[in-house]
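Structure record follows, encoded as structure tokens.
Taken together, the values in this text are just the output of simple stated rules run on the coordinates, not laboratory data. Predicted, not measured: the structure shown is a model, and the values here were computed from it. Note that each Cβ is placed from the backbone with ideal geometry, even for glycine, and that neighbours are counted across all protein chains shown.
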Amino acid sequence: MILSIVVAMDEKRGIGYKNRLPWYLSSDLKRFKKLTMNHHVIMGRKTFESIGKVLPGRTMIIISRNKSFEAEGCLVAHSLEGAIALAQKEGEDEAFVIGGATIYRMALPRADRLYLTQVHAATKADVFFPEWDEGEWVEAQRIELPVDEKNQYPTTFRILNRK
């Protein structure tokens, strides 16, 4: 199974502010939906709470250290390894880690692919993607998108595969 990370980050690796995305980018939301549809998405409890609902068409696996945590319509794991095992058990071919920072930090050394949206701005952020070595990755795709009425910042969509 391929373990992929999906992340949008600004120029300072900012990924969130007050438990929300620090921007509105329609093109990024559409890309996220297209990538993750009919797949397992792995996230931490805080990320699940920030989304506020079960994402249709996806199997959501929430990682929580709280052994009594439950979320209706979702699977719960107590470690990244447990979440990966759940996805594999269900026959997943590519599972997507979607945050937050702690889960990204755990998943980054194990990830095979990175679907990166680079937001060309320095936004107000209080949560950051972990430092990573871009030299460990090879770019497979790059798409540049300008600002428009539905996207408040210019962005670059990249797909990076681990060397």
The residue from 41, 54, 76 that alone is buried (at least 17 other Cβ atoms within 10 Å of the Cβ), out of contact with any His (no Cβ under 8 Å at 6 or more places or on another chain), more than 20 Å from residue 15 (Cα to Cα) and not small (Gly, Ala, Ser) is 76
Here is a list: 4, 50. Which entry is in contact (Cβ under 8 Å) with a residue 24 or more places away in the chain and part of a helix (DSSP H, G or I)?
50
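How about region 107-121: which of its residues are of a type outside the set (Gly, Ala, Ser) and assigned to a loop (DSSP other than H, G, I, E, B)? Let's see the steps before the verdict.
Just the residues of region 107-121 that are of a type outside the set (Gly, Ala, Ser), to begin with: 108-110, 112-120.
108, 109, 110, 112, 120 - these are the residues of region 107-121 that are of a type outside the set (Gly, Ala, Ser) and assigned to a loop (DSSP other than H, G, I, E, B).
Looking at region 23-32, is at least one residue out of contact with any strand residue (DSSP E or B) (no Cβ under 9 Å at 6 or more places or on another chain) and in contact (Cβ under 8 Å) with a residue 24 or more places away in the chain? Talk me through it step by step, then tell me what you get.
The initial filter retains those residues of region 23-32 that are out of contact with any strand residue (DSSP E or B) (no Cβ under 9 Å at 6 or more places or on another chain), namely 29-30.
Those left that are additionally in contact (Cβ under 8 Å) with a residue 24 or more places away in the chain: none.
No, that holds for no residue.
Could you look through region 22-36, keep only residues that are assigned to a helix (DSSP H, G or I) and among the aliphatic types (A, V, I, L, M), and pick out the one that is farthest from residue 156 (Cα to Cα)? Talk me through it step by step, then tell me what you get.
Initially, region 22-36 is screened for residues assigned to a helix (DSSP H, G or I), giving 26-36.
Applying the additional criterion that residues be among the aliphatic types (A, V, I, L, M) yields 29, 35.
Values: 29: 13, 35: 16 Å.
So, considering only residues that are assigned to a helix (DSSP H, G or I) and among the aliphatic types (A, V, I, L, M), the one farthest from residue 156 (Cα to Cα) is 35.
Kindly establish whether residue 152 is more than 17 Å from the chain's Cα centre (by Cα), closer than 24 Å to residue 24 by Cβ and of a type in the set (S, T, N, Q).
Values: more than 17 Å from the chain's Cα centre (by Cα): yes; closer than 24 Å to residue 24 by Cβ: yes; of a type in the set (S, T, N, Q): yes.
When the stated conditions are applied, residue 152 passes them.
Limited to region 120-163, what total is found for residues that are small (Gly, Ala, Ser), within 22 Å of residue 22 (Cα to Cα) and exposed (fewer than 13 other Cβ atoms within 10 Å of the Cβ)? Break it down into steps so the answer makes sense when it comes.
Residues of region 120-163 small (Gly, Ala, Ser): 121-122, 125, 135, 140.
Narrowing the set further to residues that are within 22 Å of residue 22 (Cα to Cα) leaves 121-122, 125.
From what's left, exposed (fewer than 13 other Cβ atoms within 10 Å of the Cβ): 122.
Looking only at that region, the number is 1.
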Taking the condition of being touching a residue at least 40 places away in the same chain (Cβ under 8 Å) and assigned to a loop (DSSP other than H, G, I, E, B), how many residues in region 90-106 meet it?
6
Can you find even one residue in region 108-118 that is under 21 Å from residue 23 (Cα atoms), crowded, with 19+ Cβ neighbours inside 10 Å and either among the β-branched types (Val, Ile, Thr) or in contact with a Phe, Trp or Tyr (Cβ under 6 Å, 6 or more places away or on another chain) (or both)?
yes
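Quick grid of which residues meet (1) more than 16 Å from the chain's Cα centre (by Cα); (2) over 17 Å from residue 36 (Cα atoms):
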position	(1), (2)
74	yes, no
85	yes, yes
88	yes, no
95	no, no
104	no, no
